Amino acid sequence: MQNTVLLQTRLETMIRQFTPNWFTVCMGTGVVALIVSEFPIFQAFTWSLGAMLWHLNMLLFVLFSALYVLRWLYYPVEAKQIFKHPMMCLFLGAIPMALATILNGFLKYGQPIYGESALVWAELLWYVDVVLAVAIAWLVPFVMYQRQQHELKSMTAVWLLPVVACEVAATSGGLLLGHLVVTEHAVGILLASYVLLGMSVLPAFAILTILMLRLALHQLPAKELAISNWLALGPIGTGAFALLVLGAQAPSVLASIGLAHVGQILHGAGIVGSLILLGFGLWWLGLAILTTLHHRRVLPFNLGWWALTFPLGVYSFAILNLAAQLQMAWIYGFAYGLSAALLVLWLWVAGKTAHCFYHGHLFFSPCLKSYLEAKQQCAEKAV
């Protein structure tokens, strides 16, 4: 009886304290599931491992979605406080990005396991992902401008999360096109993906510019937020990846409407543009590593450590795709090195997360804390 009550109390705490930054776990696990099968050795094993991690990621996504829906159902007033919190509402962008890793898994692992229905599910999830990404890209910045208070000194790369989701959806659109028959429908997906890329890349680079100004004026972020610098690698790597996969599909897709020459231009521009972005990403990668080393002795573990995984994963994917298109061995070598580092980081972060999850240390809602403190202050003033 006592164990039942304890379990119920813990479940209620998990629901009440659940926040969308838990979806970064799905982002990191999803990208590892997709990249692990890219290694040229033990391919049967790595493919099976990737498929297993993809299924695990789906279970985590369903679990986190259920917890978040239950929070809105049982604690709606408290759940709404996320829109008043200047940091936590930004993590809503993690939801469509986590979903994108699942739909990409259907493209990579789904057909051998589930047959042609996997492609149907992938296409359906892509449309859902696009709707979520666009809605969050509009809603969260609007709320930031309308009801929150922000300062340049407190800014971090987390600001990127709401807008980068559209970029991830654009990349998934390019991957989806590789599995579809070239029709007018495919042309629509290609054009929509380029529009999504524009909705994300340009705002993301505006944010990166402000972030560079913040670093110059106010120095490195505090130790609790030091890992967030890795997030800047996300839009850069995803942008390069999107240019490559969309550019690779553009010639055949646009040829169906008599624009083959435009497709060839986009293909070449994708390669050149990705090289420029990957160079920019290399600069940010060095900066992120140095920032982490600077705080290495005082870095506290929190869910923000998952910022190490997804950005590094998409950056590695972009380099792998570039290597495949150019067929250059040294680029493959660099990409495999980054991918191996990603696997090590994921194992460490996943282990720490599982340990803290078991002990209940990671369930904490800053927006709930702020709401309860404000409520208590109002009650004290009333007395």
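The values are calculated or read from the model by the stated rules, or taken from the named source; none is laboratory data. Given the structure is predicted, the values throughout are model-derived calculations rather than measurements. Cβ placement follows ideal geometry from the backbone for every residue including glycine, while neighbour counts extend to all protein chains displayed.
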Name the single residue, out of those in region 38-53 being touching a residue at least 24 places away in the same chain (Cβ under 8 Å) and either part of a helix (DSSP H, G or I) or of a type in the set (Ser, Thr, Tyr) (or both), that is surrounded by the fewest Cβ atoms within 10 Å (Cβ to Cβ). Trp47
Top-ranked residue in region 271-298 [being of a type in the set (A, V, I, L, M) and over 22 Å from the mean Cα position of the chain (by Cα); ranked as modelled with the lowest pLDDT]: Val298
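So is Ala122 within 21 Å of Ala226 (Cα to Cα), touching a Phe, Trp or Tyr at 6+ places or on another chain (Cβ under 6 Å) and not basic (Lys, Arg) or not?
On the way: within 21 Å of Ala226 (Cα to Cα): no; touching a Phe, Trp or Tyr at 6+ places or on another chain (Cβ under 6 Å): yes; not basic (Lys, Arg): yes.
No.
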Here the residues within region 301-337 that are part of a loop (DSSP other than H, G, I, E, B) and either within 22 Å of the chain's Cα centre (by Cα) or crowded, with 21+ Cβ neighbours inside 10 Å (or both) are Phe301, Asn302, Thr309
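Please pick out the residue among Glu78, Glu116 that is more than 19 Å from Ala192 (Cβ to Cβ), surrounded by 13 or more Cβ atoms within 10 Å (Cβ to Cβ), at pLDDT below 95 and of a type in the set (Asp, Glu).
On the way: Glu116 fails: surrounded by 13 or more Cβ atoms within 10 Å (Cβ to Cβ).
The conditions single out Glu78.
So that you can scan it fast, the table gives a plain yes or no per residue for (1) among the acidic types (Asp, Glu); (2) more than 30 Å from Ala374 (Cβ to Cβ); (3) assigned to a helix (DSSP H, G or I); (4) in contact (Cβ under 8 Å) with a residue 12 or more places away in the chain:
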site: Val32; (1), (2), (3), (4): no, yes, yes, yes
site: His55; (1), (2), (3), (4): no, yes, yes, no
site: Leu67; (1), (2), (3), (4): no, no, yes, yes
site: Cys89; (1), (2), (3), (4): no, no, yes, yes
site: Ile95; (1), (2), (3), (4): no, no, yes, yes
site: Gly110; (1), (2), (3), (4): no, yes, yes, yes
Residue by residue through region 351-369, note down the ones that are buried (at least 18 other Cβ atoms within 10 Å of the Cβ) and assigned to a helix (DSSP H, G or I). Thr353, Cys367, Leu368
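So that you can scan it fast, the table gives a plain yes or no per residue for (1) over 17 Å from Val168 (Cβ atoms); (2) among the small types (Gly, Ala, Ser); (3) out of contact with any Phe, Trp or Tyr (no Cβ under 7 Å at 6 or more places or on another chain); (4) surrounded by 20 or more Cβ atoms within 10 Å (Cβ to Cβ):
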| site | (1), (2), (3), (4) |
| --- | --- |
| Pro235 | no, no, yes, yes |
| Phe241 | no, no, no, yes |
| Leu246 | no, no, no, yes |
| Val253 | yes, no, yes, yes |
| Ser256 | yes, yes, yes, no |
| Val262 | yes, no, yes, no |
| Val272 | yes, no, yes, no |
For region 1-48, name all the residues that are at pLDDT 85 or above and either farther than 28 Å from Met97 by Cβ or among the polar types (S, T, N, Q) (or both). Gln17, Thr19, Asn21, Thr24, Thr29, Ser37, Ile41, Phe42, Gln43, Ala44, Thr46, Ser48
Cβ-Cβ under 6 Å pairs, at least 6 apart or on other chains, region 218-230 side in contact (Cβ under 8 Å) with a residue 24 or more places away in the chain and surrounded by 23 or more Cβ atoms within 10 Å (Cβ to Cβ), far side aromatic (Phe, Trp, Tyr) and part of a helix (DSSP H, G or I): Ile227/Trp305
Going through region 132-176 one residue at a time, which ones are in contact (Cβ under 8 Å) with a residue 12 or more places away in the chain, surrounded by fewer than 24 Cβ atoms within 10 Å (Cβ to Cβ) and hydroxyl-bearing (Ser, Thr, Tyr)? Ser154, Thr156
Go through (1) farther than 13 Å from Val164 by Cβ; (2) in contact (Cβ under 8 Å) with a residue 24 or more places away in the chain and name the single condition Ala204 misses. (1)
